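The block underneath contains the structure these notes are about, expressed in structure tokens.
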Amino acid sequence: MPGLNSVMDTSLSALFAAQAGLATTSHNIANANTPGYSRQDVLFAARRPDMTAVGAIGRGVEVEGVRRIQDEFILNNLRSQTARGQSFASVDSALSEVESIMGSVDNDHLGDALSRFFGAWNALSQPTITPSMKENVVAAAVALVNDMHSIDESLTALESNIEASIQLELGNLNRLLTQVADLNRQIMAVETGGNPANDLRDQRDLLITQVSEIAEVTVHEREDGTKDVILAGRTMVARDSVTLFETSYERTGDGYRMMVVTGGNKQAVDLSVGRLEGLLTSRDVHVAGVREQLDAVAQKLIEDVNALHTQGRTLTSSGLQFFTGDSLHTIEVNAELLGNSALVATGRTTAPGDNELALAIANLGNLSSGTGDGRTVNDVYRALLTDLASNRSTYEFMVENQQSVVASLEAKLASVAGVSLDEEGASMVRYQNAYVAAAKVVTTVQSMYDTLMNMV
């Protein structure tokens, strides 16, 4: 039969086990609000029993370790959906800025400027033509051109702000990847000795989740506990080594365009979905698309008005272009007209009252010139506003929907890996009772020792 020493050893193992459970519970409670913390649980196992003539008699409990509760499937899904949400949010923010630049339905400044321009020509097409009417046409044209230039400058400023945000996100991404590599090194050092690096693993997972907000990543865990971070098909973190991103500029038809490349070999990167990809999409697709459509509005205006005005004659000129340039950025009112509004032609002849061209130009806002695809200037402009409003509405919906998906996954992950103070409170009471019971056994064994010694 086991002696008192064996019973004492069994009760002491129970004390140590309860103490380990209380310490872990305390750690969970302390980190209940720590971002990225995963609930920890103590692993207990019965010791090998003593084999006696009457059978196996237990020798207590062994603390095998402390495990970290985590669901990698939910976590990876959360990262993927978070990346999509961040991408949608970046585009939605850029489209919101474009809407602010273009104005609202109640404050459609470019549409109003177009209406005033054609309205000035309509007034000029009336039977009595006066010099002030021609001055009004030039003034309306100047106001229209200034509004177009203002929009062009605002879009350029928006593109610059987006590029500044790209630079900022790249800096954040490089910092996070470097920290992941450093944590890989620390985890490898700790776990090589056989000890689980639970808190370090939590910190690393939190960093990888933050990386996935900027750009979606896939993760491969090695046998030594380190994790490789793979972004856009490239392994950016391998154990404790890291490859960083930087920016480069490539020449385009209208200047230089910033692009993302890997450090060292300068290879262009086709980024996966995320906040960074959303910024690049905003710049290269949506803002560039709006600029392209505005260029089409400006080009349509220039071509249609010039096609008619060059047919006109005044007492001192003929065949004069009304506008110069070919885009939102380059459109200008002919300098000769700015210096002398009398050069504005109203008809194909100099006969008094010839206002045929003025009437034709006034109608360009609503009637096709018969060139191109048959659309009017206003048609091209309204198509731009419709596309912009449709894109904004679509991305607003996708952002809201993605927020719901992410919130649902966060709740699922919290139910698995999060700390429940109610559960921890119950565990604390359970371990406390176990500790008290084990201590009672120790006291009893001590009393038996005293009895035995008094018999000597």
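Since every read-out is calculated from the coordinates, none of them should be taken as a lab result. Owing to the predicted nature of the structure, the values given are computational and were not obtained by experimental measurement. Note that we place each Cβ from the backbone using ideal geometry, even for glycine, and neighbour counts take in every protein chain shown.
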Specify whether the C-alpha gyration tensor of the range 344-456 places it in the rounded, prolate or oblate class, a ≥ b ≥ c being the square roots of the eigenvalues: rounded for a/c under 1.5, otherwise prolate if a/b is larger than b/c and oblate if not. prolate
Against the longest principal axis of the chain, how steep is helix 421-454, in degrees 0 to 90 to the nearest 10, with axes from Cα atoms? 20
Relative frequency of Cα-Cα separations exceeding 24 Å in the range 37-170, percent: 67
Of GLN40, LEU384, SER408, which is farthest towards the positive pole of the chain's charge dipole, taken about the Cα centre with +1 and -1 on the beta-carbons of Lys, Arg and Asp, Glu respectively? GLN40
Fewest to most Cβ atoms within 10 Å: VAL290, VAL138, VAL405 sort as VAL405, VAL138, VAL290
Could you work out how far helix 288-309 tilts from the main Cα principal axis of the chain, as a 0 to 90 degree angle to the nearest 10? 0
The range 118-172 to the range 433-456: how many Å between their Cα centroids? 94
Expected output is a single nm value to one decimal: the length gained when fully extending between ARG348 and ASN401, i.e. 0.36 nm times separation in residues minus the C-alpha distance. What is it? 13.2 nm
What whole-number volume per residue, in cubic angstrom, does the convex hull of the C-alpha atoms of the range 76-407 give? 139
Cα axis of helix 377-417 to longest principal axis of the chain: angle in degrees, 0 to 90, nearest 10? 0
Filtered trypsin sites (Lys or Arg not before Pro), the range 352-456: DSSP coil and at most 16 other beta carbons within 10 Å: ARG375
Here the net charge surrounding ALA342, from other residues whose Cβ is less than 11 Å away from its Cβ (Lys, Arg +1; Asp, Glu -1), is -1
Local electrostatic count, ALA14, Cβ distance below 14 Å [Lys/Arg +1, Asp/Glu -1]: +2
With charges set only on the Cβ (+1 for Lys and Arg, -1 for Asp and Glu), what does the dipole of the range 13-131 come to about its Cα centre, in debye to the nearest 20? 740
Find how many whole Å separate the alpha carbon centroid of the range 195-238 from the alpha carbon centroid of the range 1-52. 31
Taking neighbour Cβ counts within 10 Å as the exposure measure, how do VAL297, VAL142 sort from fewest upward? VAL142, VAL297
Any idea what the dipole of the chain comes to, in debye rounded to 20, about its Cα centre with Lys/Arg Cβ at +1 and Asp/Glu Cβ at -1? 1060
